[in-house]
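Rule-based calculations on the coordinates, nothing more; no lab input. Everything quoted here is computed from the prediction, not taken from an experiment. All Cβ positions, glycine included, derive from the backbone under ideal geometry; neighbour counts span all protein chains shown.
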């Protein structure tokens, strides 16, 4: 891990030194920001002696896809993980309770 971390830092320094103009423009600036985000979310300082170690647990708002910044990781249960996109769904179920839930669900799916 120590060697990998050193290589990644060397790469960042090399890009900054040799590609300074390109670093200020897209797409390189976005790629370097993604790279930095991934390092920050997955690595932490190693208290046992220099370098870094793989972070235990999951970083809040963890990025799981290099290609899609909006994709997130979640769980349906303790054993079932999922990768997907945040989405809010709001609807009003029949306030009188006269419709069967299946009918309300079909209406929501058609509307959304």
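In percent, what relative contact order does the stretch 9-85 have, based on Cα pairs under 8 Å that are 6 or more apart in sequence?
Relative CO of the stretch 9-85 lands at 14 percent.
Peptides 21-29, 35-43 ordered by packing proxy, namely the average of other Cβ atoms within 10 Å per residue, highest first: 35-43, 21-29. With the largest listed first and rounded to whole Å, the semi-axes of the equivalent ellipsoid of the stretch 2-61 from the Cα gyration tensor are 25, 15, 6.
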